[in-house]
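Computed from the coordinates by the stated procedures, all read-outs in this text should not be read as laboratory data. It should be emphasised that the depicted structure is a prediction, and the values quoted were computed from it without experimental measurement. FYI the Cβ positions are ideal-geometry reconstructions off the backbone, even for glycines, and counts take in every protein chain you see.
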Amino acid sequence: MDAGVDGGKVKVQASVGLALGIGGKITVGGEVDVPKIAGHIGDGAKAVADVAGKINPF
């Protein structure tokens, strides 16, 4: 298993091998762009606040 952070992106990769007869290998990986997700969360929170401000009669 390999994991790390590069340029604000969290990267994870894992490999599994099996050697019965012919054998095989499976590699699975993923990447999460943390700054991009944080930006989307901020945009969503602002949108909710804007709607709540329009609904609130006070």
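Just need the relative contact order of the chain here, percent rounded to a whole number, with Cα pairs under 8 Å and 6+ apart.
Relative contact order for the chain comes out at 25 percent.
Taking only Cα atoms, what is the 0 to 90° angle, nearest 10, from helix 34-55's long axis to the longest principal axis of the chain?
It works out to around 30 degrees.
For the chain, what is the charge dipole size about the Cα centre, in debye to the nearest 20, if Lys and Arg each add +1 at the Cβ and Asp and Glu each add -1 at the Cβ? Could the numbers behind the result be given before it?
Values: 6 positive and 6 negative charges, 16 e Å.
Rounded to the nearest 20 debye, it is 80 debye.
For residue 33 and residue 47, calculate 0.36 nm times their separation in residues minus their Cα-Cα distance, and state this gained length in nm to one decimal. Don't skip to the answer; put the middle values down first.
Details: separation 14, 0.36 × 14 = 5.04 nm, distance 2.15 nm.
Here the answer is 2.9 nm.
Which one, [x] 45, 13, 6; [y] 50, 11, 5; [z] 29, 16, 8, gives semi-axes √(5λ) of the Cα gyration tensor in Å as derived from the coordinates shown?
After the calculation, the listed value that fits is [x].
Which of these, 29, 39, 21, has the largest mean-square fluctuation under a Gaussian network model of the chain (Cα springs below 10 Å)?
It is 21.
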